[in-house]
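See below for the structure under consideration.
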Amino acid sequence: MSRFHQSTFAKPENALKRAEELILVGQKQPALQVLHEVITSKRHRTWQKSLEAVMMKYMELCVDMRKGRFAKEGLVQYRIVCQHVNVSSLEEVIKHFLKLATDRADAAIEAAKEVALSVADLDEDMSPEDLMLSFVTGDTDKDRTDRELVTPCFKFLWETYR
C-alpha cells in the first residue's frame, strides 16, 4: 500500500479482512493504519455491527503495539458514530480495551517473575557488565527487569484509564 494513496474500503468487513491478512504476515503497523482509516473515514459515520468488530481488532492492535494516542483517537471517532444509535456498543469496546490492557500488564508481571526466577540460579555467574552495572546504579536485577518489562505496561494501563 502506497503512502500517498489511501485506499478506502466500501465495507468495514473488507478492511477487517485486509487487516487480519496483514497481521498474519507480521505487518501490524499497516494493519493498524488500515483500521484507523476506516474508523476515521467520513464514509462510515453510521453505526454497523461490523464497525464494532473493526473497533475490537483496532483496540487489540493498539494494546499490542502500545499506541495509546491511536486508541484514544479511535474511541473518540467511534463515540461520534454510535452515541445516538447504540451506546452499549461503545461500552463493550471500552470494556474490551480495558480488559486487554489489564491482561497485558498482568502478563508483564508474570514475565518479570519468570525472569527473576531464572536469574536467581546461584550457579550462574554474572557478566562483567552486569556486575559493574549493579555496583554503579545500586539497582538489583529485579529492579532493572521491572523497569524494562513492567513499567511500560503499567504506563500504558494508566493511559487507558485516563
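The values are calculated or read from the model by the stated rules, or taken from the named source; none is laboratory data. Being a predicted model, the structure only gives us computed values, none of them experimental. Methodologically, a virtual Cβ is constructed for each residue, glycine included, from the backbone with ideal geometry; neighbour enumeration extends over all protein chains shown. Heads up: the accessible areas ignore ligands, DNA and RNA and are worked out on the full protein's heavy atoms, side chains in. Shrake-Rupley method; radii C 1.70, N 1.55, O 1.52, S 1.80 Å.
Structure above, values below:
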{"item": "Selection within the stretch 26-70 - surrounded by fewer than 18 Cβ atoms within 10 Å (Cβ to Cβ), part of a helix (DSSP H, G or I) and β-branched (Val, Ile, Thr)", "result": "Thr40"}
{"item": "Positions within the stretch 71-106 being among the hydrophobic types (A, V, I, L, M, F, W, C) and not in a helix (DSSP H, G or I), in sequence order", "result": "Val85"}
{"item": "Condition met for Ile23 (under 16 Å from the mean Cα position of the chain (by Cα) and assigned to a helix (DSSP H, G or I))", "result": "yes"}
{"item": "Answer from Ser118, Ser88, Ser127 - the residue that is farther than 29 Å from Leu22 by Cβ, at pLDDT 90 or above, among the small types (Gly, Ala, Ser) and open to solvent by 30 Å² or more (accessible area, probe 1.4 Å)", "result": "Ser88"}
